[in-house]
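Trainee: Before anything else, here's the structure in question.
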Amino acid sequence: MNRTSPIRRSVLMLALGGALLATTSLPAWAQNMVSVSGNTVNMRSGPSTQNPILWELKRGYPLRVIRRQGNWLEVSDFENDRGWVARSLVGNAPHHVVKSRTANIRRGPGTNHAIVGKADYGDVLRTREKRAGWVRVEHTASGTTGWVSGGLLWGW
């Protein structure tokens, strides 16, 4: 009979657990993206309406969830600014924000397609589709629809 000593079994279990932990990513909620679902949402310094407002976020603004505490989410934006928003004021509608100075909105997914519009740094774009490094978007301010290179965007 081939038996493993209790000490060796413990060491093996610790090693296996460590390997599993190393290959496991962050909890699902920590990887989530959310977007502002209200017209204007206050980003706060802490998880309460008693905490100071850091800034206001407009509808569609994408945020990465860092952690949650009760009915609040600690989030970061494309500039890695952090704050807290109420969970009830964000949703799952995918959006991107322009992280380059200007982004061309094109008729199709590639630089060979005609430019149909432009988006500037910080503009929020509703995500419609993704394909091979390109994102089909709708500009939330102008309504222009088209494709933008994914490298110029941050979000979903």
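Trainee: Looking at PRO62 and the list (1) open to solvent by less than 40 Å² (accessible area, probe 1.4 Å); (2) farther than 22 Å from VAL137 by Cβ, which single condition is not satisfied?
Mentor: Checking PRO62 against (1) open to solvent by less than 40 Å² (accessible area, probe 1.4 Å); (2) farther than 22 Å from VAL137 by Cβ, the one that fails is (2).
Trainee: From the list ARG128, ARG101, ARG59, ARG64, which one is out of contact with any Gly (no Cβ under 6 Å at 6 or more places or on another chain) and farther than 19 Å from MET33 by Cα? It would help to see each step written out before you state the result.
Mentor: Details: ARG128 fails: farther than 19 Å from MET33 by Cα; ARG59 fails: farther than 19 Å from MET33 by Cα; ARG64 fails: farther than 19 Å from MET33 by Cα.
The conditions single out ARG101.
Trainee: If only one of THR111, THR145, THR102, THR140 is among the polar types (S, T, N, Q), open to solvent by 40 Å² or more (accessible area, probe 1.4 Å) and touching a residue at least 60 places away in the same chain (Cβ under 8 Å), which one is it?
Mentor: Unique residue meeting the criteria: THR140.
The values are calculated or read from the model by the stated rules, or taken from the named source; none is laboratory data. Values in this document were obtained by computation on a predicted structure and should not be read as measured data. Virtual Cβ from ideal backbone geometry, glycine too; neighbours counted across all protein chains shown. What goes into the accessible areas is simple: the full protein's heavy atoms, side chains included, and nothing from ligands, DNA or RNA. Shrake-Rupley method; radii C 1.70, N 1.55, O 1.52, S 1.80 Å.
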